[in-house]
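Following: one structure in C-alpha cells, then a few remarks.
Derivation of every value follows stated rules applied to the coordinates shown; laboratory data play no part. Everything numeric here is computed off the predicted structure, so don't read it as measured data. No Cβ is skipped: glycine too gets one built from the backbone with ideal geometry, and neighbour counts run over all protein chains shown.
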Amino acid sequence: MDRASDVFPDENTRIRLYGEAHGAKVYYDIEYQLWKENYENGSRSLFLELPYYSAEFLNLWMKEDNDELLDQWFSEISDTLSGNEYYREFLTELRTGCPETVFYGTDVGHQADTTGARYLQYLEAHGLKDTENYSLAEECIRQGREFYESATQGNGISPIREAYMTENFIAVYERCPDEKIMGIYGSYHTDLNNPERMAGKLKDVYGDRISSVKVSSIPFEIEEQNPYRLGFCMTGLIFLILLMVPNLFWAKGNQPEGYAEAEQKENKILLVFERIGQVLAATSLLIFPALNPVIKRLPEGVFFKWNLMYLVIAFILMILYEGYWIRYFRSKKTMKDMYASFAGVPLAGAVLPVLALLLMGMYSRNWIVILSSIILGIGHIGIHYMHWKELNA
C-alpha cells in the first residue's frame, strides 16, 4: 500500500486533511471517529468537498428537528458518488453526536441549477439577497459553470477546479472562527506532494501547519500505535503449535542415542537463558494481537503494510523447521542427524524458530517479543552449538 504521500498531524498542525474514496461506509465510519476526536478537543469547523451552498443547507438542516432539507438535497445529488445511504448516515450521526458542527463547502458549484438555484431562492425569500451569503453562492455557481464548460475529462479532474478549490479553501479558512480545522476530500485533492492538487497548493501557503492522510491509512496507523495491546493472538498460537508438536513427538521415544548424556553437560547459564526465553516467547506469542497479519479489504482493493514480508518470511522459516523435523524422523535419529544443517541453515532445529520469532517481533515492533527471541537464541542456539561442537571435536 502506498502511503508515501501521508503526512500525519502533530501538535503544531492547524489544518488536518483526510482523503477518502467517496461512497465507502468504512471510510465514513473512520471519518466520524476522527471528527469526534477533533470535536471533543474543541474544533467545530468541518471543511467538506461540497459547494458553498450545499454546506449552508446542511448547516440549516443541523438546526432543524426534521430531515426535509436533507431529503431535498440528497434527491439532488442522487447521481453522484456521495448520494448514497452511507453518506446520509454519516451526516445524521454528526448531527446527533456533534451537534455544534459547522460545515464549510469549498468546492466549485456542482448542482448549480438545482441546489444552487434553490439556495439563492431561499435567500431571496428571506430578504437576504444583498448579503455576503448571496454573493458567495453566486460566485460558487459561476466557478462551477466555468469548470463544466472547460472540463474535458468526465471524472471531474481539472486544473481550474483545483485552483478554485484552493482559492475557496483559503478564503473560508481565513474567515472561519476556528484556527484548527479538519477537512474531508477525495484523496485525489489531498496529495501534499503534488503542487497541481489542492493540498499541494495549500502547502505552499500553510507549510507545516497542514497535514494530509489517506483515510485508508488510518486502520494501519491504529495498529502501528498499539504494538503492546493485550488480547489473544491466533498467529502466535499457530507458531507455538508448529514449534511444540514435533518437539512433543521427539520427546516420546525419538531422542538420539547419547542425548541424555549430552544434556547433563549443558551450560547452566545457557540453560537459564533458554528457560527464560521459552517462557517469555510462549507468553508474548499468545497475548499480543499485533503479531497477527494486518490485511485490510478497502474500497480500492486489499492492502497490507510492507513489513508483512517479515511475517511471511517467519512463516517460511517455520515451514523449513517442520521440514527439518520430518527429515530427522525419517533418518536414523543419531546426534549427527539432529544437529545437521537443513536447507543451508546450520543447527536448523534451533536457529530456524529463533529467527522466525525475531522476525515476528520486528513485524509487530514489539520489543518484548524481540527481547524474548534474543534471550531464547542465546540459550537455545548456544546449547545446540555446544552439543554440535562436542560432537565434532
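Kindly identify the chain as rounded, prolate or oblate by the Cα gyration tensor criterion: order the square roots of the eigenvalues as a ≥ b ≥ c, call it rounded if a/c is under 1.5, otherwise compare a/b with b/c, prolate if a/b is larger, else oblate.
Prolate shape, in that a/c is at least 1.5 and a/b is the bigger ratio.
Just for the chain, what percent of DSSP beta bridges are antiparallel, to the closest 5?
Within the chain, antiparallel bridges account for around 25 percent of the total.
Quick check: Cα centre of the stretch 9-71 to Cα centre of the stretch 160-233, how many Å?
Between the Cα centres of the stretch 9-71 and the stretch 160-233 lies a distance of 13 Å.
Quickly rank 197-205, 79-87, 178-186 as a protection proxy: mean count of other C-beta atoms within 10 Å, highest first. Present the calculation step by step, with values, prior to reporting the outcome.
On the way: 197-205: 21.7, 79-87: 15.1, 178-186: 19.9.
Descending mean neighbour count gives 197-205, 178-186, 79-87.
Relative to the present Cα-Cα distance, how much length would full extension add between Leu240 and Tyr206 at 0.36 nm per residue of separation?
Values: separation 34, 0.36 × 34 = 12.24 nm, distance 5.14 nm.
Between Leu240 and Tyr206, full extension yields 7.1 nm more.
Once you put a point 7 Å from the Cα of Leu230 and another 7 Å from the Cα of Asp71, both along the Cβ direction, what distance in nm separates them?
Between Leu230 and Asp71, the label points sit 5.1 nm apart.
Kindly put Met386, Met62 in sequence by how many other C-beta atoms sit within 10 Å of each C-beta, fewest to most.
Details: Met386 15, Met62 18.
Listing Met386, Met62 from fewest to most nearby Cβ atoms yields Met386, Met62.
In nanometres, what is the gap between the two model label sites at Glu100 and Trp367, each 7 Å from Cα along Cα-to-Cβ?
Each label point lies 7 Å from its Cα, and together they span 4.0 nm.
When the chain is fully extended, how far beyond the present Cα-Cα distance does Asn41 get from Asn392, taking 0.36 nm per residue of separation? Before the final figure, lay out the partial values.
Values: separation 351, 0.36 × 351 = 126.36 nm, distance 6.77 nm.
Using 0.36 nm per residue and subtracting the Cα-Cα distance, I get 119.6 nm.
Classify the stretch 226-391: rounded, prolate or oblate, from the alpha-carbon gyration tensor (a ≥ b ≥ c, eigenvalue square roots; a/c under 1.5 rounded; otherwise prolate if a/b is larger than b/c)?
Prolate.
Do the sum for the chain: with -39,500 (n - 2.57) for every DSSP H run of n ≥ 4, divided by all residues, what is the mean residue ellipticity at 222 nm, to the nearest 500 deg cm²/dmol? Present the calculation step by step, with values, prior to reporting the outcome.
Details: 17 runs with 217 residues, N = 393.
Dividing the helical sum by the residues of the chain leaves -17500 deg cm²/dmol.
Using DSSP H assignments, which helices in the chain have an axial alpha-carbon span of 20 Å or above and a mean Kyte-Doolittle hydropathy of -0.5 or higher?
On the way: long enough: 25-40 (22 Å, -1.40); 132-150 (27 Å, -1.19); 159-175 (25 Å, -0.38); 234-251 (25 Å, 2.02); 268-287 (29 Å, 1.50); 308-329 (32 Å, 1.55); 348-364 (24 Å, 1.89).
Span-like helices here: 159-175, 234-251, 268-287, 308-329, 348-364.
Over all pairs of distinct alpha carbons, what does the Kirkwood formula give as the hydrodynamic radius of the stretch 168-239, in Å?
Over the stretch 168-239, the inverse of the mean reciprocal pair distance is 15.1 Å.
In whole percent, what relative contact order does the stretch 15-223 give with Cα contacts below 8 Å and a gap of six or more residues?
On the way: 293 pairs, mean separation 75.9, N = 209.
This gives 36 percent for the stretch 15-223.
Counting Lys +1, Arg +1, Asp -1, Glu -1, what net charge surrounds Pro177 among other residues with beta carbon under 14 Å of its beta carbon?
Numbers: positive: Arg14, Arg44, Arg175, Lys180; negative: Glu100, Glu174, Asp178, Glu179.
Every neighbour counted, the sum reads 0.
Classify the stretch 15-223 as rounded, prolate or oblate from the Cα gyration tensor: take a ≥ b ≥ c as the square roots of its eigenvalues, call it rounded if a/c is under 1.5, otherwise prolate when a/b beats b/c and oblate if not.
The shape class here is rounded.
Based only on other Cβ atoms within 10 Å, what is the fewest-to-most ordering of Val215, Val312?
Going from sparsest to densest Cβ surroundings: Val312, Val215.
Calculate the spin-label point distance for Asp130 paired with Glu167, positioning each point 7 Å from the Cα along the beta-carbon direction, and give it in nanometres.
Here the modelled spin labels are 2.7 nm apart.
Need the full-extension length gain, Ile319 to Lys180, defined as separation in residues times 0.36 nm minus the C-alpha distance. One decimal, nm.
Full extension of this stretch gives 44.9 nm more.
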